Amino acid sequence: MVERTLDVRLTDVSVPGYRQVTTRTYNGTIPGPTLRVRGGDTLRLTQINGLPPNPPHSGDAHTPHHPNSFNLHTHGMHVSPSGQADNVLREFPPRTAEEAAAGIAEPRYVTTIQVPSDHPAGTYWYHPHLHGSTAEQIVGGMAGVIIVEGDVDEVPEIKKAADVVVCINELKLEDGKVPAFTSGGWVTRVPSTFTVNGTVNPTITLRPGEVQRWRLVAATGLTALRLQVVGEHDGLTMHQIAQDGVTFDAPRARNPLELAMGNRADILIRGGASGRYELRSAMVPDPLMTVVVAGESMEPPMRLPASLPPGRPFLDERDIANPDADREVVFHADARVFPGAFPNAFRMLGTNATPASDPDGDLTRDPAYGLFDPDYTNHTLRLGTVERWTVRTDESVPAHSHPFHLHTNQVLLTHRNGERLDPPVWHDTIGLTGGASGQSATFLVKYEDFTGRAFAHCHQVQHEDLGMMQTVDYVGPAESEEQDRRR
């Protein structure tokens, strides 16, 4: 049993390289504490909601609300979405004003995660996931890293390397605090501040020839990362060993390395010539981290592993349950649909899109079509079944991004923009950018082990709060057959 307490409250936090800010935190830090478990462990988290009472809300379900309520999502982990586990349908509200005035104790909420004994070893993360408050909380720094320890950590070359968490947070700060999410222009009006492990542009040191393992976590809610380690002359090569918590069969050189919002990548990096380098991302004006290669050279240089214990076996397209019934998801936005400060409709269309309120009317103006409805099940997914999904965006602007995230089960990315990947790569979040033709991705997924309701959604978290989300229901074979008979 691994037991931890996560105390959530407004905290005065010093952000080195920026200033002191007041924001919602886990245990008073940005990011929250790193949690380490192993396959077979039980992770029991007691969460204290010490936030103020929620302000009144007069909008609908697709405008931000309840900024001081939260819950917990263990992003990428293959664990139960039901009960007190990774259940994002729960709400952990603060005290009401009357309860606070009466001196009633701050409420405590328990999340209990049973980690399967065969869970892939790798890097995951946790964050709040209550519809309507997710964006404001994540851009305030409410996020933390989960490490599942296991076989890959025992590879001799990896075991010798320093294990370094590199958690990249994207903060929206104004006048020393996170401004309330009060309009659709909030994202562009307030510039982003990027931190690594809570510091603006921290410095890390490598000796020439030294290998370190960096656990890169894109805890960014709004901005995708395109990472490189650059120097005055040459950069340092990133040798990726895992994507989204699943180990590759061998290291793969990446330059650059692309991470959508929510992605993680484990890399091995080796110090080269002495000097100053920077971890940089396209579209982020300042360096994320400074890398100093200095000191006595390691002779001989530390080695990279030639092979790795793969984190998951690949799926086979021949196992698809119904080759004629692929699922499709299309990310689509319609401008100026609603009155008020949030006029745009962020929709998920395609297979089993949320029905329109007026199917015979103008669907581009419809107030329900393709928007999240907690009472509507978009996808009923039968345990033991292998299916193929294609997800795409019809955005025309390349900078606009709609990362696709499916809860509970990892997905095997087999094609990008119609071109087969060799080898395919396991993900839990797939970046999709717009353009002359928006990007598409095709993946295989097998629904395994756990039943319950969960989400598929855009992991640009503002879009998620505004309705770009669907409900999936993982069911056993008997349940699925009964639902089929009722249709």
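The values are calculated or read from the model by the stated rules, or taken from the named source; none is laboratory data. This structure is a prediction, so every number in the text was calculated from the model and none was measured. Using ideal geometry, Cβ is built from the backbone for each residue, glycine included, and neighbour counts are taken over all protein chains shown. Note: areas computed on protein heavy atoms with side chains; ligands, DNA, RNA excluded. Shrake-Rupley method; radii C 1.70, N 1.55, O 1.52, S 1.80 Å.
Worth pointing out:
- Alpha carbon centroid spacing (whole Å) that separates the range 150-198 from the range 13-88: 14 Å
- With loop membership from DSSP and a limit of 14 other Cβ atoms within 10 Å, the longest segment of the chain without chymotrypsin sites (Phe, Trp or Tyr not before Pro) is 1-313.
- For the range 176-190, 3J(HN,Hα) computed residue by residue from phi via the Karplus equation (6.51, -1.76, 1.60; θ = phi - 60°) reads x, 8, 7, x, 4, 7, 10, 7, x, x, 3, 5, 7, 6, 9 Hz, glycine and proline entered as x.
- Theoretical FRET efficiency, 1/(1+(r/R0)^6), r = Cβ-Cβ of residue 335 and residue 303, R0 41 Å, to 0.05: 0.15
- Estimated translational diffusion coefficient (Stokes-Einstein, Kirkwood radius over Cα pairs, 25 °C, 0.890 mPa s) of the range 13-119: 152 µm² per second.
- Taking GluC sites (Glu not before Pro) across the range 364-468, the ones in a DSSP loop with at most 15 further Cβ atoms lying within 10 angstrom of their Cβ are 448.
- Compactness ratio for the range 134-236: Cα radius of gyration over 2.2 N^0.38 Å (N = residue count) comes to 1.32.
- In this structure, the amide hydrogen of residue 26, modeled 1.01 Å from its nitrogen in the peptide plane, lies closer than 5 angstrom to those of 32, 143, counting only residues at least 5 positions away or on a different chain.
- Pairwise FRET efficiency - residue 282 versus residue 38, Cβ, R0 = 30 Å, nearest 0.05: 0.25
- Whole-number D in µm² s⁻¹ for the range 215-279, Kirkwood Cα-pair radius fed into Stokes-Einstein, 37 °C, 0.692 mPa s: 264 µm²/s
- Computed over the Cα atoms of the chain, pair by distinct pair, the Kirkwood hydrodynamic radius stands at 23.2 angstrom.
- Annotation for residue 175 and residue 397: the two label points, set 7 Å from Cα along the Cα-Cβ direction, are 2.7 nm apart.
- At q = 0.13, 0.15, 0.22, 0.30 Å⁻¹ the log10 of I(q)/I(0) for the range 43-105 amounts to -0.47, -0.60, -1.00, -1.25, computed by Debye summation with a single uniform scatterer per C-alpha, solvent ignored.
- Mean shadow area of the range 317-366, taken as a quarter of the surface of its Cα convex hull (nm²): 4.8 nm²
- Full-stretch length increase - residue 317, residue 419 - with 0.36 nm per residue and alpha-carbon distance subtracted: 35.2 nm
- Probe 1.4 Å, accessible area per residue of the range 65-222, Å²: 32 Å²
- Long-range HN-HN contacts of residue 207 with modeled amide H, under 5 Å: 294
- Extent along principal axes [Cα atoms of the range 331-438; Å; largest to smallest]: 47, 34, 24
- Extension gain for residue 91 to residue 234 (0.36 nm times residue separation, less C-alpha to C-alpha distance): 46.5 nm.
- Equivalent-ellipsoid semi-axes of the range 234-311, from the Cα gyration tensor, Å, largest first: 22, 21, 8
- Given their separation in residues at 0.36 nm each and the Cα-Cα distance between them, residue 226 and residue 27 gain 68.6 nm when the chain is fully extended.
- Expressed as a whole percent, the proportion of Cα-Cα pairs in the range 93-181 lying more than 23 Å apart is 52%.
- Normalised by 2.2 N^0.38 Å, where N counts its residues, the alpha-carbon radius of gyration of the range 184-307 equals 1.11.
- Under 5 Å from the amide H of residue 382 lie the amide H atoms of 475, each residue being 5 or more positions distant or on a separate chain, with H modelled from the backbone and absent for Pro and chain starts.
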